[in-house]
Amino acid sequence: MAQPQQPRRRRTPVMPDSMAYDLSRPSQDTMRYSTAAPELQPKPKQKTRPQAQPALRPRFRVMAVAPTAIVLFLMALVVWTLSLQVRTQITQAQQEVYRLESELRAVEQVQDELEIEYESAFNFTKLEDYAVTTLGMQRPRDEQIYFLSHESEDHAVAVLERSRSNGFIDRLDDVLSDLLAYFR
């Protein structure tokens with residue numbers, strides 16, 4: 001059975017005056033700088049043969065998601081749903097506008113037809129024929145026609161509203177009557 005190769009370690013000499021850590025020989029450093037008695041010092045580890053390690057399954061890294069990213073995503077989702085709702089409302093409003101415009105065009109067309117019929121109804125020759133033939137009316141004779149004349153000029157007199165006093169009771173009465181008229 002083939003043994004996996006371990007990475008080569010550099011053999012660097014340990015400097016006795018250096019305070020730097022020598023990571024390749026931690027056991028020697030602990031022994032050198034330890035102040036305990038030699039019998040209490042830990043024994044150096046013996047080299048053992050590397051044992052076959054079971055094959056490790058690859059671990060999947062769990063990615064952490066920031067809470068602000070979740071909040072922003074939820075806010076974007078809410079804005080998107082609201083924009084969809086607004087778009088559907090706008091579409092419904094446009095459909096309603098188109099329907100009402102088509103109804104308006106139909107009503108305007110009927111109005112134009114009625115105006116034409118109304119204007120043609122004031123044809124005096126047709127009115128006279130209708131009155132004579134259908135209603136049995138006759139033209140007035142000369143002795144039935146009277147003209148009135150007056151030699152003075154026409155004039156009109158405007159009746160002035162009686163003056164009111166502007167006392168507190170009158171103002172209160174005005175306010176109360178206005179409120180009563182408003183709530184009717």
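The values are calculated or read from the model by the stated rules, or taken from the named source; none is laboratory data. Bear in mind that the values here come from a model prediction, so they are computed numbers and not experimental data. Cβ coordinates were reconstructed from backbone atoms using ideal geometry, including for glycine residues, and neighbour counts include every protein chain displayed.
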- Does Glu143 qualify as being within 60 Å of the chain's Cα centre (by Cα) and free of Cβ contacts under 8 Å to residues at least 40 places away in the same chain? no
Whether any residue in the range 62-78 is modelled with pLDDT of 95 or more, part of a helix (DSSP H, G or I) and of a type in the set (Gly, Ala, Ser) is what I want to check. yes
Notebook entry, point to check: Just a yes or no: is a residue in the range 133-148 part of a helix (DSSP H, G or I), surrounded by 10 or more Cβ atoms within 10 Å (Cβ to Cβ) and either of a type outside the set (Val, Ile, Thr) or in contact with a helix residue (DSSP H, G or I) (Cβ under 9 Å, 6 or more places away or on another chain) (or both)?
Noted result: no
For the range 121-132, the count of residues that are surrounded by 10 or more Cβ atoms within 10 Å (Cβ to Cβ), part of a helix (DSSP H, G or I) and either under 60 Å from the mean Cα position of the chain (by Cα) or not charged (D, E, K, R) (or both) equals 4
